[in-house]
1. Mind checking the dipole of the stretch 195-316: about its Cα centre, +1 per Lys or Arg Cβ, -1 per Asp or Glu Cβ, Debye to the nearest 20?
2. Normalised by the residues of the chain, what does the relative contact order come to in percent, with Cα pairs under 8 Å and at least six apart?
3. Per 5 Å bin, what is the whole-percent P(r) computed from every C-alpha pair distance within the stretch 276-353?
4. If you average the C-alpha positions of the stretch 115-139 and of the stretch 183-245 separately, how far apart do those two centres end up, in angstrom?
5. Would you order GLU428, GLU35 from fewest to most other beta-carbon atoms within 10 Å of each residue's own beta-carbon?
6. Counting other Cβ atoms within 10 Å of each Cβ, which trypsin sites (Lys or Arg not before Pro) in the stretch 419-468 have at most 12 and sit in a DSSP loop?
7. Taking 25 °C and 0.890 mPa s as the conditions, I'd like the Stokes-Einstein D for the stretch 35-133 in µm²/s, using the Kirkwood hydrodynamic radius from alpha carbon pairs.
8. May I ask you to sort SER413, SER367, SER42 by Cβ crowding, counting other Cβ atoms within 10 Å and putting the fewest first?
Amino acid sequence: MSGTQTKIAIIGGGIAGSTTALLLAHAGMRVTLFEAKQSLVSGPPFCHLHAGGNLYPDISDEQCLILLEQSIDFARLYPNGVDHRPTIIALPKACSKNTQHLLPRLEKLRGRYAELIAQDPKNRVLGDPETYFRLYERETIERIAKEPFETKPHTPEAWLVPFAKEVDLDTIQFPVIMVQEYGLNLFRIGARLMLSLQQHPNVSLKLSAAVKRVSRQGNMWQIGTDIEQSKTETFDYLINAAGYQTGKIDDMVGLSCERMVEFKAAYVTRWERESEHLWPEIIFHGERGTPRGMGQFTPYPGGHFQLHGMTKAITLYEEGLVANTPQSCQPQLPQTLLEKIEHDWQWSETVERTQNAITHLARFIPSFASADVASKPLFGAQQIPGNDPSLRVAEVAFPTSCYARCEIVKVSSVIDMAEAILDDLAKEKLYTATMPMQTLLEQIPPVEEETVTSQAETLCLERDYPTELAHLCVPKV
Ligand SMILES: Cc1cc2nc3c(=O)[nH]c(=O)nc-3n(C[C@H](O)[C@H](O)[C@H](O)COP(=O)(O)OP(=O)(O)OC[C@H]3O[C@@H](n4cnc5c(N)ncnc54)[C@H](O)[C@@H]3O)c2cc1C
């Protein structure tokens, strides 16, 4: 079968299911995408591309190099969603490591990035490989602090101006690192996928359609949803992309597995006095789960900043990381966390946790203490396959025939994940590859910036977030 007759069911329209739908539909398959919510990419948030894994000093170099390659592919597929502002990595004085620990890995990443560009010049999506990262000593930062702000920073030094002016330089080690790790905008990527999948002739997009029944009759999968009680559709191949709920689908299929689920939240703030200035992202490293856990300061336009603090009073939660049991593939989060996912947040808790996050970052940026709560947090639960909570790279598993279980931990893994699914479809004789993955990716038509922006604003409004979050700090030209 070339693929044109193959009927695919995808359960879950997060980044994993929606990207798979886009690629398989372009490869010629007939795809039905079932999503329980009313729009796509509405699950756990993402704000950072992780093009090199520099936020995670404790993971292996191998995982970082994979994240680099996967991020380059991701940035090529979703250019509307990449925010080209750099990231500054600062190690607090209290940190047991120093910058020198990070340099060998950064050199490896720079070398690999240069090789990838030599293989294909279109891989040059993170700027010049020579300047993938730069180091700045205190004297330079003090000199930059005297420079005026630039409305549109066009040099690395111009990006450093707000950092140099506002960060308490006595709290951090030197040199600091500037790395070409960019932001990701989930509203824009969700918008792009909504626009592409709604129009695609090979895609049947079923929104507000929660899958309630999965069974197998001979070689065919039968799927029933809550909106079409009596109707059951049949498919050749089933893709379980249900995110933190993949275990529920595995249970319907009768599989066994080992996995964890983690609930986390990031806080949305507004810093009135900085509404005119463009900031880089800033990472203040720290030991996860301790009161000094990593602080992440992610800029959006109009003085909006998204904050992470890797402590249990901010991003992480008591009992927020749970594993499944031998009786079920679905790990059980405490009811209080499920309430947040399925219903909403208490405003008092939003204020308390956001204020904790502001205080956490104000240890390094004292003037940031004047920031306010801007909206409810960006939050959600994600799955982590296996039993290692520090895993950052995972793609997909094929635990039974004609069945794929998407298991991404970082969003950039989706293209390798979809490629593995295409290989499995070929193995099952449901698809004959007619072109390499890279050619397939290049054939996907882009969507106009303005259309994406308008749809992304609609998603922000529907989900109760400020519409500024639909925009990039560095608009695409
Ligand atoms: C606070 C936080 C911050 C994060 N930041 C980053 C980051 O900066 N960068 C990064 O790369 N990653 C980040 N991640 C991880 C990232 O969010 C996830 O890896 C990714 O969103 C998972 O995508 P997914 O498509 O697998 O799952 P999901 O986005 O959860 O999608 C699954 C979809 O399936 C639907 N569904 C479930 N069951 C059914 C059913 N029975 N029928 C129909 N539909 C169903 C759900 O409604 C959902 O829309 C972060 C995670 C969290 C929690």
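Derivation of every value follows stated rules applied to the coordinates shown; laboratory data play no part. Worth saying up front: this structure is predicted, and the values here are computed from it rather than measured. Here the Cβ is made from the backbone with ideal geometry for all residues, glycine too, and neighbour counts use every protein chain on show.
1. Around 260 debye, computed over the stretch 195-316.
2. 23
3. 3, 13, 15, 19, 18, 16, 10, 4, 2, 1, 0
4. So the separation of the two Cα centres works out to 38 Å.
5. By the 10 Å Cβ count, ascending, the order reads GLU428, GLU35.
6. Listed in order of number, the matching sites are LYS429.
7. Estimated via Stokes-Einstein, D reaches 163 µm²/s.
8. SER367, SER42, SER413
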